Amino acid sequence: MTLLDVPFADVRGDTLRWTLTPIPCTPLASRTVDLGTGLTVTLSVLGASHQVVVRRHGHPLLHETIACGIAEAAPLPEAHTTGGYRLASHVDEVGPEELAARASRLVERLGGRTDAVVAHFPGDPHAVTALALDRSDDAAGQITWNTWHTYPQTGEIVATTTSYRPEEVTSV
């Protein structure tokens with residue numbers, strides 16, 4: 001787990017924007033996972049947001065960015081499918097105790113995994129951004145990842161699940 005050296009911005013789940021257009025970002029924490037056959041997935045925490053980049057032999061195939069303040073991006077959809085890419089998202093509104101418990105379980109479950117990145121903000125251990133690969137689909141040629149963004153100030157947990165089949169499309 002990474003303790004971020006930036007203050008937590010007062011954001012809400014409904015301010016998240018989504019794009020597949022490459023957006024240059026400097027991650028606050030990231031991890032690149034080698035899937036073999038030349039495929040890598042870079043999971044990056046951008047603060048209360050994230051970016052995932054899938055590459056084959058170093059060449060980008062897919063950029064997924066979910067962040068606040070991206071003017072040219074669309075609001076985070078509940079679902080989106082195009083080519084071999086599929087995104088599903090949902091927002092849970094919970095009380096402070098439930099959010100704290102779920103954030104703690106998330107950190108515990110993902111801590112130490114080499115295919116995940118978890119970060120939290122100083123001042124609130126329950127303000128967490130986490131990304132993890134779901135390795136169960138690897139054999140089927142599908143890459144799946146999950147993300148979680150917790151917002152203690154609003155009692156929101158934004159979760160996404162993305163699946164991508166690089167063989168079905170050359171670029172998204």
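Extension gain for Arg56 to Glu93 (0.36 nm times residue separation, less C-alpha to C-alpha distance): 9.6 nm. Spin-label model, Arg86 to Thr26: label points 7 Å out along the Cα-to-beta-carbon direction sit 3.8 nm apart.
With the alpha-carbon atoms of the range 63-114 aligned to their principal axes, the span from lowest to highest coordinate is 35, 29, 20 Å, starting with the largest.
Its DSSP H runs of at least 4 residues, each contributing -39,500 (n - 2.57), put the calculated 222 nm mean residue ellipticity of the chain at -3000 deg cm²/dmol, to the nearest 500. Projecting label points 7 angstrom from Cα along Cα→Cβ for Ala71 and Asp124 puts them 2.7 nm apart. Normalised Debye scattering of the range 16-164 at q = 0.15 Å⁻¹ gives log10 I(q)/I(0) of -0.75, counting only Cα atoms as equal scatterers and leaving out solvent. Restricting the range 50-134 to GluC sites (Glu not before Pro) that sit in a DSSP loop and have at most 16 other Cβ atoms within 10 Å of their own Cβ leaves Glu72, Glu78. Can you give me the angle between helix 96-110 and the longest principal axis of the chain, using Cα atoms only, in degrees from 0 to 90, rounded to the nearest 10? Long axis of 96-110 versus the principal axis of the chain: about 40 degrees.
Taking 8 Å as the Cα distance limit and 6 or more residues as the minimum spacing, I'd like the relative contact order of the chain as a percentage.
Over the chain, the number comes to 26 percent.
Readers should treat all values here as calculations from the given coordinates under stated rules, not as data from a laboratory. Note that the coordinates shown come from a computational prediction; the quantities given were computed from them, not determined experimentally. Glycine also receives a Cβ, built like all others from the backbone with ideal geometry; neighbour counts cover every protein chain displayed.
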